[in-house]
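One structure is given here, and the rest of the page talks about it.
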Amino acid sequence: MMQADVVVIGSGIAGLSFALKAAKFGTVAIITKKSRPESSTNWAQGGIAAVFGEDDSPALHMEDTLVAGAGLCHPDAVDVLVREGPARVRDLMDLGVRFTREQGDLSLGLEGGHSRRRIVRADDLTGREIERALLAAAAETGNVRVYENHQAVDLLTATDPGTLGERCCGVLVLDTETGEMIPFLARAVMLATGGCGQVYRHTTNPSIATGDGVAMAYRAGAKVANMEFIQFHPTALYPARERTFLISEAVRGEGAVLRRRDGSTFMEDYHPLASLAPRDVVARAIDREMKRSGDPHVLLDCSAIPEHEIRERFPNILRETTERGMDMLREPLPVVPAAHYLCGGVLTDTHGRTSVPGLYAAGETACTGVHGANRLASNSLLEAVVFAHRASERLGPQLQVTRPLEPEAIQLPQGTDEPDDALLVHDREEIRNVMWDLVGIVRSDERLGEAEDRLRQISLHINGIWTDSRPTADLVELRNLIQSALLVVRCAMRRKESRGLNYNVDHPYRDNEHCLADTIVVR
Ligand code: FAD
Ligand code: SIN
């Protein structure tokens, strides 16, 4: 049994920035299922959106966020985001994050849906620079201890004698190197486990993004919201290798244009902002063009960007595409949409509190209400730091008056069989294919119904394996993947309209009369 004042699950931007601030108030254990930098954060390219430009204002940032969110953003959460954002970006700089500057000022990029230049960046490797600095700061903070290769399996709860309700008091953890199950007890738990892109066959997300936080919180009885709003990034490089490589929206921000394979442009047929239209519009337009033509991809023509600017602003994208035998300085890049970001998640208030006392959530696994039905580009790194900060400020004084609890009995998994890896891989691929084919960019009632039937079958199979087998890293992830996939389908079936990222051909219009609300599910 391990103990700390606070347990943080995840070592991306949300978990690390929260841990560094919570360490002022007590001891913090960060558990992370692989090595510490393995996170979506480490792959973020474009940057972090915040108001620094002279022609910009929080009101404009708010307006752009609300427009992208298609009527479902929580205005109070967006207001917090845009007002507190610049201070949190300065916190990152104080921690040693080196953002790109031009003549001393922050170099501000532009991305789809933003009416001003406000993307603060570190070349085209913003996430890697943020992760580097946060990990370095955590290593120097006495109160923070990081446990690598420790995978959270289930949240622990106990009856709070004060309220007689259930309170989260820790997490059951699998040491993936020894196979040992270890309860970590704490006065509070922060879920910062990132998204669930791995439920789809094609995704920009790294392999850790298996929806563990949402699935664990759901099993613990927390409210989960808006899982139908999965954002597809329009421009993942085609063909994908073992890992899909993203071509940042910032490339279109600097002038790159989408074209059909015959060279003609098409985005002006779909939106006045053409290639810089909001992401949902661009992804759907590409999907439509590909279906219409039968082409396996469209093209991203970067010829309008001067060569020196490509070399200067996008060194990582230039390197990676060159390594893959492409020449973006002279030829257009082949691109396709891929699952990218979870706008929904574990429902929180504007202080990171979930509906389960003692359980907090931040970053991509949380649904703060900021993104509504569609996230504005580069608002996610910002959301993670703003709400992690607010959670730490709220938690700090609480810690002193919160008694540690112990669960009455910890239910350890009882299975002893060795799970059959081939079956686990088969089920994982099956989930990803069902989700891609039936719950993708364009949905229908019939396809959702078929997806639900097939996922339920897979779920029965996985439950059987879970009962009989010793938990392994892959099995724990598979159990969470199927849970997350089912939640996406369940929320998509509940939303009988098309709004933001949820496009259903059987309900092609927005229905403000009946559907202007979050889709909330509880176990
Ligand atoms: P993550 O950074 O994903 O971290 C999750 C952590 O939780 C990891 O350490 C993981 O190992 C751990 N974890 C998960 N499950 C468990 C478990 N069961 N037990 C223990 N540990 C666990 N957003 C922007 O704002 N701007 C961008 O430019 C941008 N570019 C992007 C580019 C790419 C290729 C991708 C994939 C995303 C991009 N995003 C961008 C989105 C953004 O990067 C993520 O939303 C954000 O980094 C999520 O941070 P997080 O801390 O919530 O989760
Ligand atoms: C990108 O660089 O295009 C990703 C930005 C984001 O997902 O916010």
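The values are calculated or read from the model by the stated rules, or taken from the named source; none is laboratory data. Quick caveat: nothing in here was measured; it's all calculated off a predicted structure. Note: ideal-geometry Cβ built from the backbone for every residue, glycine included; neighbour counts use all protein chains shown. Heads up: the accessible areas ignore ligands, DNA and RNA and are worked out on the full protein's heavy atoms, side chains in. Shrake-Rupley method; radii C 1.70, N 1.55, O 1.52, S 1.80 Å.
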Residues of region 155-184 being in contact (Cβ under 8 Å) with a residue 12 or more places away in the chain, surrounded by fewer than 14 Cβ atoms within 10 Å (Cβ to Cβ) and of a type in the set (Asp, Glu), in sequence order, are Glu177
Which condition number in (1) among the basic types (Lys, Arg); (2) crowded, with 24+ Cβ neighbours inside 10 Å; (3) more than 13 Å from ligand 1 (Cβ to nearest atom) is the one that Arg284 fails? (2)
Given the criteria touching a helix residue (DSSP H, G or I) at 6+ places or on another chain (Cβ under 6 Å) and not acidic (Asp, Glu), does Leu106 qualify? no
Tell me, yes or no, whether region 78-92 has at least one residue that is without any contact (Cβ under 8 Å) to a residue 12 or more places away in the chain and either away from ligand 2 (no atom under 16 Å from the Cβ) or touching a Phe, Trp or Tyr at 6+ places or on another chain (Cβ under 7 Å) (or both). yes
Considering only residues that are more than 23 Å from the chain's Cα centre (by Cα) and within 16 Å of ligand 2 (Cβ to nearest atom), look in region 93-107 and name the one that is least open to solvent (accessible area, probe 1.4 Å). Ser107
On the given criteria, is Asp123 acidic (Asp, Glu) and either more than 10 Å from ligand 1 (Cβ to nearest atom) or touching a Pro at 6+ places or on another chain (Cβ under 6 Å) (or both)? yes
I want to confirm something. Restricting to region 354-395 and keeping residues that are within 13 Å of the chain's Cα centre (by Cα) and part of a strand (DSSP E or B), which single residue is nearest to Pro161 (Cα to Cα)? Ala361
What is the residue count in region 358-394 for residues that are open to solvent by less than 10 Å² (accessible area, probe 1.4 Å) and more than 18 Å from Leu342 (Cα to Cα)? 3
With the structure loaded, tell me whether Pro413 is out of contact with any Pro (no Cβ under 8 Å at 6 or more places or on another chain) and either more than 30 Å from Arg116 (Cα to Cα) or not in a loop (DSSP other than H, G, I, E, B) (or both) or whether it fails that test. no
Does Glu249 fit the bill of being acidic (Asp, Glu), within 12 Å of ligand 1 (Cβ to nearest atom), touching a residue at least 40 places away in the same chain (Cβ under 8 Å) and touching a strand residue (DSSP E or B) at 6+ places or on another chain (Cβ under 8 Å)? yes
Being small (Gly, Ala, Ser) and away from ligand 1 (no atom under 16 Å from the Cβ) narrows it down to one residue among Gly344, Gly294; which is it? Gly294
Answer yes if at least one residue in region 22-36 is within 15 Å of ligand 1 (Cβ to nearest atom) and closer than 17 Å to Leu381 by Cα, and no otherwise. no
Cβ-Cβ under 7 Å pairs, at least 6 apart or on other chains, region 124-141 side over 26 Å from Glu320 (Cα atoms), far side in a helix (DSSP H, G or I) and more than 16 Å from ligand 2 (Cβ to nearest atom): Ala137/Leu20; Ala138/Leu16; Ala138/Ala19; Ala138/Leu20; Thr141/Leu20
Here are some residues: Leu172, Leu125, Leu164. Which one is among the aliphatic types (A, V, I, L, M) and under 20 Å from the mean Cα position of the chain (by Cα)? Leu125
Restricting attention to region 1-50, the residues that are under 30 Å from Gly253 (Cβ atoms), more than 16 Å from ligand 2 (Cβ to nearest atom) and in a loop (DSSP other than H, G, I, E, B) number exactly 4
Every residue from region 423-470 that is open to solvent by 70 Å² or more (accessible area, probe 1.4 Å) and either among the aromatic types (Phe, Trp, Tyr) or not in a helix (DSSP H, G or I) (or both): Arg470
Consider His150 against the criteria (1) out of contact with any helix residue (DSSP H, G or I) (no Cβ under 9 Å at 6 or more places or on another chain); (2) closer than 19 Å to Leu20 by Cα; (3) within 14 Å of ligand 1 (Cβ to nearest atom): it satisfies all of them except one. Which criterion is unmet? (2)
Can you say whether Ala236 is surrounded by fewer than 24 Cβ atoms within 10 Å (Cβ to Cβ), part of a strand (DSSP E or B) and of a type in the set (Gly, Ala, Ser), as far as the supplied structure shows? yes
Are any of the residues in region 262-271 among the aromatic types (Phe, Trp, Tyr) and more than 22 Å from the chain's Cα centre (by Cα)? yes
Applying the selection to region 45-58, what residues are within 7 Å of ligand 1 (Cβ to nearest atom) and either open to solvent by 20 Å² or more (accessible area, probe 1.4 Å) or modelled with pLDDT under 95 (or both)? Gln45, Gly46
When Asn226 is evaluated against the numbered criteria (1) more than 16 Å from ligand 2 (Cβ to nearest atom); (2) farther than 13 Å from Cys367 by Cα, which criterion, by number, is the only one it fails? (2)
In region 242-275, what residues are under 19 Å from Thr203 (Cβ atoms) and open to solvent by less than 30 Å² (accessible area, probe 1.4 Å)? Thr244, Phe245, Leu246, Ile247, Ser248, Glu249
Which listed residue is in contact (Cβ under 8 Å) with a residue 40 or more places away in the chain, farther than 28 Å from Leu72 by Cα and not in a strand (DSSP E or B), from Thr244, Thr193, Thr210: Thr244
Every listed condition ((1) modelled with pLDDT under 95; (2) buried (at least 19 other Cβ atoms within 10 Å of the Cβ)) holds for Ala14 save (1)
